[in-house]
1. Across segment 24-31, in residue order, what do the Karplus-derived ³J(HN,Hα) couplings come to in whole Hz, using 6.51 cos²θ - 1.76 cosθ + 1.60 with θ = phi - 60° and x for Gly and Pro?
2. Rounded to the nearest 500, what is the chain's calculated 222 nm mean residue ellipticity when only DSSP H runs of at least 4 contribute -39500 (n - 2.57) each, over all residues?
3. Which of the peptides 102-115, 8-21 is most tightly packed, and how do the rest follow, judged by the mean count of other Cβ atoms within 10 Å per residue?
4. If you average the alpha carbon positions of segment 105-121 and of segment 1-64, how far apart do those two centres end up, in angstrom?
5. Per-residue counts of other Cβ atoms within 10 Å, averaged by peptide: what ranking do you get for 36-43, 86-93, 50-57, highest first?
6. Based on the alpha-carbon gyration tensor of segment 41-144 and its eigenvalue square roots a ≥ b ≥ c, which shape applies: rounded if a/c is under 1.5, prolate if not and a/b is larger than b/c, or oblate?
7. Put +1 on the Cβ of every Lys and Arg and -1 on every Asp and Glu Cβ in segment 2-153; which of 98, 65, 28 then has its Cα farthest towards the positive end of the dipole?
8. In whole Hz, with x marking every Gly and Pro, tabulate ³J(HN,Hα) for segment 32-49 from phi via Karplus 6.51 cos²θ - 1.76 cosθ + 1.60, θ = phi - 60°.
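Just so it is clear, none of the values below were taken in a lab; they were calculated from the coordinates. Computed from a predicted structure; not experimentally measured. As a convention, Cβ positions derive from the backbone with ideal geometry for all residues, glycine included, and neighbour counts pool all protein chains shown.
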Amino acid sequence: MFIETFESLPIAADVNGDYLCMHGGISPELVSVEDINKIDRFIEPPLSGFLCDLLWSDPCGDKEARGMKYAKNVERECSYKFGLEPVKQILKKNNFLSIIRAHQVQIDGYKMHRWGGSSAFPSVITVFSAPNYCGSYKNKGAVILIENDKMNIK
């Protein structure tokens, strides 16, 4: 029953038409939100492909973001690291402001990936809610609250 319940959870979410949210990140196979709706999620997540990417892909580092589209995710041994250009394409085509994802420990509990410059709204936001992950990271935990079109990180 636990597995069936877990498999029934959404893969991604559209929050107020402004934010595309998922656990991991984007995929070379993602063009439109409708692509996500077509995924058969009632399977064991594979080690490659669209479903795997939504669960396991990561944004690349700030220095690499502008020049990278997709690269192998060597750290995870599956999926991709993604850069600014594919993020911009997805945001523009689907009228989103930002991608919100989790999946990576952040010392402050969150990270604003401001690949468009320090004053730009972040293209990607990573939020990690588990403080002191695995008892060894000494990180803070964070959550994002979106109310009345305002975003607050706590």
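1. x, x, 8, 9, x, 7, 8, 10
2. On the way: 4 runs with 30 residues, N = 154.
Here the helix-only value at 222 nm equals -5000 deg cm²/dmol.
3. Working: 102-115: 17.4, 8-21: 14.3.
Highest to lowest by the protection proxy: 102-115, 8-21.
4. Here the two parts' Cα centres lie 21 Å apart.
5. Numbers: 36-43: 11.5, 86-93: 16.1, 50-57: 21.1.
Output ranking for 36-43, 86-93, 50-57: 50-57, 86-93, 36-43.
6. Details: a/c = 1.55, a/b = 1.06, b/c = 1.47.
Cα axes put segment 41-144 in the oblate bin.
7. 65
8. Taking θ as phi minus 60°, the curve returns 10, 4, 4, 4, 5, 5, 8, 6, 7, 8, 8, 9, 5, x, x, 8, 7, x Hz for segment 32-49.
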